[in-house]
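Accompanying notes for the structure given below.
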Amino acid sequence: MIKMDENVYQHFKSNEHDIVDKIANLIVKAQLNYEPVLTDFFNPREKFIAQSLIGRYEGIKLAAFGGYHFAERQRVLFYPDYFRYVKQDFKLALMQINYPEKFAKLHHGQILGTLANSGIKRDVIGDIITDGCHWQFLTEEKLSDYLKNEITRIGKINVRLEQVDMNKLITPINSWNQQVILLSSLRLDSFISSAFKISRSKAKTLVANDLVQVNWAEVSQADYQIAKFDIISVRRYGRIRLDKILGKTRKQKLKAEVSIIKK
């Protein structure tokens, strides 16, 4: 396995070095074999890392797709100059969750929890979407039959999974609200405090009690540094995504554009 040098690592957080190496090796594989290489689903931060690395490799390009235009989780295709990709090359399956809609209610967390406990990795599941009534999720094509057979209940609700054509993808409700917030720093506790308008000490307590995840991994250090496109999940509060740093105010506060989903 190829490992990147310190000149590359310095642009990323220390806990991302393994991810950087993994992505770099996939790009090198596409370059050496001169053929496309398809990844599992990347979160926005992983996609950003891939976009940051791709320019170092001559003759290799990057494309990403997660089933619809603004998909949060996307599969990435590294491909040589000669290759002309189509959407089918991303090998996606759209799964519809059939359930008694008049008598039962599903929630994103229930669905994700059931999928996570079905024996598959989180990386092979894309976005879980709803239009307020129906629920669908994206997965890798090769897993559709397994999931149809494996998942017959979500919580106490009987369900039937069905693979449907991609043109039947529902229009998802966009729950993200864009805001501009002021930050004293990019520390995790400061970020949570400003986004959810709670005290810094309360934010620290949430982190210390393992109620916070960054890019779907638990983080217990309040001084953890947030980076562009990180997604922070705070139990009982919601999710935050750092989209852009807009600069500093006269009082040297960081001005950040964020997207927030509140519970």
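Any chance region 89-107 includes a residue that's modelled with pLDDT of 95 or more, more than 25 Å from Arg236 (Cα to Cα) and assigned to a helix (DSSP H, G or I)?
Within region 89-107 (the criterion being modelled with pLDDT of 95 or more, more than 25 Å from Arg236 (Cα to Cα) and assigned to a helix (DSSP H, G or I)), the answer is yes, since at least one residue qualifies.
Mind checking which residues of region 112-131 are under 16 Å from the mean Cα position of the chain (by Cα), under 14 Å from Gly155 (Cβ atoms) and in contact (Cβ under 8 Å) with a residue 24 or more places away in the chain?
Within region 112-131, Leu115 is the sole residue that qualifies.
Residues in region 241-249: is at least one of a type outside the set (Lys, Arg), surrounded by fewer than 19 Cβ atoms within 10 Å (Cβ to Cβ), in contact with an Asp or Glu (Cβ under 9 Å, 6 or more places away or on another chain) and not in a strand (DSSP E or B)?
No, the conditions are met nowhere in region 241-249.
Looking only at region 120-143, how many residues end up being out of contact with any helix residue (DSSP H, G or I) (no Cβ under 8 Å at 6 or more places or on another chain) and surrounded by 17 or more Cβ atoms within 10 Å (Cβ to Cβ)?
So the answer is 5.
Looking only at residues that are under 21 Å from Glu140 (Cα atoms) and of a type in the set (A, V, I, L, M) in region 45-80, which one is modelled with the lowest pLDDT?
Filtering region 45-80 for residues that are under 21 Å from Glu140 (Cα atoms) and of a type in the set (A, V, I, L, M), the one modelled with the lowest pLDDT comes out as Ala71.
If only one of Leu32, Leu53, Leu62 is out of contact with any strand residue (DSSP E or B) (no Cβ under 8 Å at 6 or more places or on another chain) and either within 15 Å of Asp230 (Cβ to Cβ) or open to solvent by 10 Å² or more (accessible area, probe 1.4 Å) (or both), which one is it?
Checking each option against the conditions leaves just Leu32.
Step by step: first the residues of region 153-162, then only those that are modelled with pLDDT of 95 or more and open to solvent by less than 80 Å² (accessible area, probe 1.4 Å), then the one that is farthest from Gly109 (Cα to Cα). Which residue is that?
Glu162
Spot the failing condition for Ile261; the list is (1) farther than 23 Å from Phe41 by Cβ; (2) touching a strand residue (DSSP E or B) at 6+ places or on another chain (Cβ under 7 Å), and only one is missed.
Result: Ile261 passes all but (1).
Just checking, how many residues over region 164-182 are among the charged types (D, E, K, R) and at pLDDT below 95?
0
Of the residues in region 71-113, how many are polar (S, T, N, Q), over 24 Å from Arg241 (Cβ atoms) and in contact with a strand residue (DSSP E or B) (Cβ under 6 Å, 6 or more places away or on another chain)?
Residues meeting the conditions: 2.
Which one is surrounded by the fewest Cβ atoms within 10 Å (Cβ to Cβ) among residues in region 174-229 that are of a type outside the set (S, T, N, Q) and at positive phi?
By that ranking, first place goes to Lys197.
Does region 68-81 contain any residue that is open to solvent by 10 Å² or more (accessible area, probe 1.4 Å), among the hydrophobic types (A, V, I, L, M, F, W, C) and either over 20 Å from Asn174 (Cβ atoms) or assigned to a strand (DSSP E or B) (or both)?
No; the residues of region 68-81 include none that is open to solvent by 10 Å² or more (accessible area, probe 1.4 Å), among the hydrophobic types (A, V, I, L, M, F, W, C) and either over 20 Å from Asn174 (Cβ atoms) or assigned to a strand (DSSP E or B) (or both).
Thr171 passes all but one of (1) open to solvent by 50 Å² or more (accessible area, probe 1.4 Å); (2) farther than 30 Å from Pro100 by Cα; (3) of a type in the set (Val, Ile, Thr); which number fails?
Failing condition for Thr171: (2).
Among the residues of region 85-105, write down those that are more than 30 Å from Ala30 (Cα to Cα), open to solvent by less than 100 Å² (accessible area, probe 1.4 Å) and without any contact (Cβ under 8 Å) to a residue 40 or more places away in the chain.
Of everything in region 85-105, just one residue is more than 30 Å from Ala30 (Cα to Cα), open to solvent by less than 100 Å² (accessible area, probe 1.4 Å) and without any contact (Cβ under 8 Å) to a residue 40 or more places away in the chain, namely Glu101.
Among all residue pairs at least 6 apart or on different chains, which show Cβ distances below 7 Å where the first residue, located in region 57-72, is within 19 Å of Val20 (Cα to Cα) and the second is open to solvent by 50 Å² or more (accessible area, probe 1.4 Å) and of a type outside the set (Asp, Glu)?
Tyr57/Gln31; Ile60/Gln31; Leu62/Gln51; Ala63/Tyr85; Ala64/Lys47
The values are calculated or read from the model by the stated rules, or taken from the named source; none is laboratory data. These figures come from a predicted structure and were not determined experimentally. Every residue, glycine as well, gets a Cβ built from its backbone with ideal geometry; the counts of neighbours run over all protein chains shown. Just the protein is used for accessible areas: all its heavy atoms, side chains included, with ligands, DNA and RNA removed. Shrake-Rupley method; radii C 1.70, N 1.55, O 1.52, S 1.80 Å.
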